[in-house]
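What follows draws every value from the coordinates through simple rules; no lab data is involved. What you see is a predicted model; the values in this text were computed from it and never measured. Glycine gets a Cβ as well: all are built from the backbone with ideal geometry, and neighbour counts include every protein chain shown.
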Amino acid sequence: MPATERKLILIVIDGLTPSMLEDTLERGAAPSLRLLAEHGRYRRAISTFPSLTPVCLSALATGAHPDVHEIPHLVWYHRGERRLVEYGSSFGAVRAAGTRQSLIDTIYGLNSSHLGRGAVTVYEALEDAGLTAAAINITCYRGRHAHRPTVPFLTRPAHGPSRFFFYNLFESDVTGAPLSVRNRPRGTIDAYAAAVGRWLVTRDGFDFLVFYLSDYDYASHAQGPDAAHAALARCDDAVGTLIEAAGGEDEFLERYAVLLCSDHGQTPVQEVARLQDVFPDAIVTASNRAGMIYTADDPAVLARRLDGNPAVDVVLWRDGDRALARRGGAEGGVEQLDHPDGAARATAALVNPNAGELIVSAAPGWEFADLAGRHHSGGGSHGSLTAGDSEVPMLAVGLDVLPASIIEVMPAVLDHFGVPAPPYARMPAKA
Ligand SMILES: [Zn+2]
């Protein structure tokens with residue numbers, strides 16, 4: 001079968017670092033991932049900024065940084081509604097922001113109102129072209145099809161792709177998959193994803209599938225980066241379930257092209273800082289390794305308050321059309337940043353209309369406490385511009401492109417199906 005006629009599966013393993021995948025493959029563990037690596041091409045690619053899941057998954061689904069997709073952080077201040085939006089930094093932070101509101105923001109708001117109107121999702125683009133898209137558990141799911149909730153405490157439909165599965169809350173088809181949230185530390189969410197994936201592959205029920213595995217990030221936050229071997233073994237099993245459902249390795253590779261990546265990396269954290277204490281006169285939204293300050297004061301002046309603060313690597317703000325950075329007590333344009341894709345990622349984060357006036361990227365080893373004071377000290381975290389938080393593994397099987405950034409994934413998918421990418425998208429280089 002010519003490569004272009006193959007269906008395509010995008011596998012996203014949340015929080016998987018390139019080094020963890022590379023070491024695991026070298027050791028010969030993870031047989032299903034090894035099969036893909038043996039038949040594909042691999043590189044390290046770059047995430048977006050802040051390198052936090054809602055921002056990154058939106059970048060994967062829309063092919064854009066936050067200047068276009070407009071999701072700024074895990075937690076942010078909604079200027080229009082004059083309130084905080086909290087997508088789930090921690091259980092404590094969700095309680096502090098209002099549990100019901102946080103659930104509604106995460107389940108509905110992100111897609112129905114926060115995601116930029118100028119952004120096109122991969123599901124919208126493919127299904128408008130007559131293809132069938134499927135999404136399992138990914139929090140950026142905006143599509144054209146209304147799905148009624150399966151649980152009584154939700155009343156409104158969500159609009160996703162035609163095949164849509166979201167943590168048992170929305171299920172376009174009855175698959176018999178087990179309840180997903182029974183025991184997260186033991187991988188029940190990914191077990192749900194695997195069961196739905198098996199059902200879809202068995203029926204050949206899509207042209208494009210996003211197979212999103214979230215449990216690895218959860219384990220890596222607790223155990224630290226490059227230590228969650230059991231969680232990665234479960235991801236490998238989940239991918240193995242798809243291969244098995246296709247009838248074996250040869251049949252799977254014959255039928256499907258695959259892109260496998262993570263959304264962001266992770267780095268170890270030992271120290272916690274409270275940005276709220278530095279800016280008691282402003283609205284601070286902080287979580288993991290990025291923070292934002294919403295203020296009417298001069299951001300250039302406020303940025304100086306963080307001079308000498310060991311928790312801070314870079315402070316960013318805008319002056320008219322210029323994106324500025326303060327680092328080590330010196331101010332300059334973002335062009336001077338030596339982080340991966342530093343200038344482009346910093347600028348796109350600042351141009352987002354939902355971002356704070358100041359954006360703070362944490363120094364190595366540091367995390368910013370969230371609304372409830374929670375953190376992952378002693379474990380792993382992410383969110384900053386640094387390479388460890390920002391690098392992701394990128395593996396392409398049966399495609400003639402290999403994305404260098406997570407924003408090149410969506411145009412790579414469209415290119416595979418011959419569907420034109422939106423004008424803002426950056427095409428990956430042809431191999
Ligand atoms: Zn995370």
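Roughly how many nanometres apart are two label points built 7 Å out from the Cα toward the Cβ at residue 202 and residue 229?
3.3 nm
Step through the residues of the range 190-202 one at a time and calculate ³J(HN,Hα) from phi using the Karplus curve (6.51 cos²θ - 1.76 cosθ + 1.60, θ = phi - 60°), rounding each to whole Hz and writing x for Gly and Pro.
With the stated coefficients, the range 190-202 comes to 5, 5, 5, 4, 5, 5, 5, x, 4, 4, 5, 5, 4 Hz.
Compute the relative contact order of the range 77-187 as a whole-number percentage, counting only Cα pairs closer than 8 Å that sit 6 or more residues apart in sequence.
Working: 142 pairs, mean separation 18.7, N = 111.
After rounding, I find 17 percent.
State the extension gain, in nm to one decimal, for the chain segment bounded by residue 277 and residue 301, taking 0.36 nm per residue of separation less the distance between their alpha-carbons. Provide the component values of the computation, followed by the final result.
Values: separation 24, 0.36 × 24 = 8.64 nm, distance 1.66 nm.
Once the chain is fully extended between residue 277 and residue 301, it gains 7.0 nm.
Under a 5 Å amide H to amide H cut-off, with H placed in plane at 1.01 Å, what residues pair with residue 272 once short-range neighbours are removed?
Residues meeting the amide H criterion: 367.
Based on the Cβ-Cβ distance from residue 153 to residue 129, what FRET efficiency comes out when R0 is 30 Å, to the nearest 0.05?
Numbers: r = 36 Å, r/R0 = 1.19.
E between residue 153 and residue 129, to the nearest 0.05, is 0.25.
Got the relative contact order for the chain handy, in percent, Cα pairs under 8 Å and 6 or more residues apart?
It comes to 27 percent, rounded to a whole number.
Which of 408, 271, 86 moves the most in a Gaussian network model of the chain with Cα springs under 10 Å?
Evaluated over the chain, the most mobile residue of the options is 271.
Report D for the range 194-299 in µm² per second (integer): Stokes-Einstein, Kirkwood Rh on Cα pairs, 25 °C, 0.890 mPa s.
The diffusion coefficient I find is 142 µm²/s.
Using the Cα centre of the range 340-391 as the reference point, and only Cβ charges (+1 on K/R, -1 on D/E), how large is the resulting charge dipole? Debye, rounded to the nearest 20. Don't jump to the answer; show the numbers that get you there.
On the way: 2 positive and 6 negative charges, 12 e Å.
It works out to roughly 60 debye.
Would you please give the residues with an amide H less than 5 Å from that of residue 357, counting only those at least 5 places away or on a separate chain, with H modeled from the backbone geometry?
For residue 357, the qualifying residues are 293, 294, 295.
Given H placed 1.01 Å from N in the peptide plane, which residues other than close sequence neighbours of residue 392 have an amide H under 5 Å from its amide H?
45, 46, 47
Hey, could you get me the Stokes-Einstein D for the chain, Kirkwood radius over alpha-carbon pairs, 37 °C and 0.692 mPa s, rounded to whole µm² s⁻¹?
Numbers: Rh = 21.5 Å.
Diffusion coefficient, whole number: 153 µm²/s.
Helix-only mean residue ellipticity at 222 nm, the chain, DSSP H runs n ≥ 4 weighted -39,500 (n - 2.57), per residue, nearest 500. What is it?
When only DSSP H runs of four or more count, the value is -8000 deg cm²/dmol.
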